[in-house]
Amino acid sequence: NNQRTQLLPSQQTKIDKALKQINKKAKYYGIKQIRTIHTSTNDQQLLTSKDGSTELAVVAVDNQQSELKVVANKLADAAKVKGLKTYVTSTDLIAAQRQQTQLNHTIMILVIGAICTLLLLGIIFRSLLIPLINLLIQTITLITTTSIAANAVTFLKLPFAGNSVLLIGISVLILSTVLTWSYMNDYLAEAENTDDLEADALATLSGQFKKWLIVLVSFALMTVGLSFAALPAVASSWI
């Protein structure tokens, strides 16, 4: 791409030379086929912008031979022409970049959420131990549930959307905080009346199981159901 004006004859010569060198090393780059403005009569019009400032070359790469990102970096270095801007991309690379961005946002949201929930529990019970126990529960549940979701997509080919990890993570943060608060609140209330701590703990667990079983099953079903649809689509439906 020549940002100032259309491609000059000297620049066109350098582009042709670079593309010929790439074509000569097709095996090295894992290229199955390359299309340039010279490969057919139709390519001249299809691969050149109307203002003549940009020229495209379409490359079919064997993904099984090498990693696409590595090939793209190699081609970007090989296609450099002095005075011009060169870009190497594909729909797969764009999708991978978006997934990585989404993953980074998901991690940031879950970390912020975890810190907020821990501070909330610490303020409510005025104890460091309870937030630490809750953090342990959150970590174990997050690793287990997100692993199941990821493997369900990869190996079982289930149609979970990309937002499943974020949805499950937020659900875990909310549920673990509410359940920890509910359990500790009931346990401390029981502990004030008797001295048998083990009996208090068992009685509290039994009460918690009866109280939250239906809620937990319903919440799990809702989360799984939402995981099959992209959040923007669900939000649009609600609006």
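In table form, for the structure just shown:
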item: Out of Leu84, Leu68, Leu121, Leu128, sole residue that is surrounded by 12 or more Cβ atoms within 10 Å (Cβ to Cβ) and over 29 Å from Lys27 (Cα atoms); result: Leu121
item: Lone unmet requirement of (1) exposed (fewer than 12 other Cβ atoms within 10 Å of the Cβ); (2) without any contact (Cβ under 8 Å) to a residue 12 or more places away in the chain for Thr5; result: (2)
item: Single unsatisfied condition, Thr146 versus (1) of a type in the set (S, T, N, Q); (2) surrounded by 14 or more Cβ atoms within 10 Å (Cβ to Cβ); (3) modelled with pLDDT of 80 or more; result: (3)
item: Test: residue in region 89-100 that is exposed (fewer than 13 other Cβ atoms within 10 Å of the Cβ) and touching a residue at least 24 places away in the same chain (Cβ under 8 Å); result: yes
item: Selection from region 20-29 of residues that are open to solvent by 100 Å² or more (accessible area, probe 1.4 Å) and over 36 Å from the mean Cα position of the chain (by Cα); result: Lys20, Lys24
item: Residue that is most open to solvent (accessible area, probe 1.4 Å) [pool: residues in region 104-118 that are among the hydrophobic types (A, V, I, L, M, F, W, C) and in contact (Cβ under 8 Å) with a residue 40 or more places away in the chain]; result: Ile109
item: Residue in region 43-59 that is hydrophobic (A, V, I, L, M, F, W, C), out of contact with any helix residue (DSSP H, G or I) (no Cβ under 8 Å at 6 or more places or on another chain) and more than 28 Å from Ala96 (Cβ to Cβ) present; result: no
item: Sole residue being at pLDDT 90 or above, open to solvent by 90 Å² or more (accessible area, probe 1.4 Å) and either farther than 30 Å from Ser176 by Cα or of a type outside the set (A, V, I, L, M) (or both), chosen from Lys32, Lys17; result: Lys17
item: Residue in region 97-118 that is touching a strand residue (DSSP E or B) at 6+ places or on another chain (Cβ under 6 Å) and either of a type in the set (Asp, Glu) or modelled with pLDDT under 85 (or both) present; result: no
item: Condition met for Phe209 (open to solvent by 90 Å² or more (accessible area, probe 1.4 Å) and modelled with pLDDT under 80); result: yes
item: Tally of residues being open to solvent by 40 Å² or more (accessible area, probe 1.4 Å) and within 23 Å of Asp92 (Cβ to Cβ) across region 40-53; result: 1
item: Among the candidates Val172, Val215, Val224, residue that is in a helix (DSSP H, G or I), at pLDDT below 75 and either within 24 Å of the chain's Cα centre (by Cα) or surrounded by 12 or more Cβ atoms within 10 Å (Cβ to Cβ) (or both); result: Val224
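Results for (1) part of a helix (DSSP H, G or I); (2) in contact with a Cys (Cβ under 8 Å, 6 or more places away or on another chain); (3) closer than 17 Å to Val165 by Cα, shown as yes or no for each residue.
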site: Ala76; (1), (2), (3): yes, no, no
site: Val81; (1), (2), (3): no, no, no
site: Lys85; (1), (2), (3): no, no, no
site: Thr89; (1), (2), (3): no, no, no
site: Arg98; (1), (2), (3): yes, no, yes
site: Gln102; (1), (2), (3): yes, no, yes
site: Ile107; (1), (2), (3): yes, no, yes
site: Leu110; (1), (2), (3): yes, no, yes
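The values are calculated or read from the model by the stated rules, or taken from the named source; none is laboratory data. Everything numeric in this text was worked out from a predicted model, so none of it was measured. For neighbour counting, all protein chains shown are included, and Cβ atoms are generated from backbone atoms with ideal geometry for every residue, glycine included. Only protein heavy atoms, including side chains, enter the accessible area calculation; ligands, DNA and RNA are left aside. Shrake-Rupley method; radii C 1.70, N 1.55, O 1.52, S 1.80 Å.
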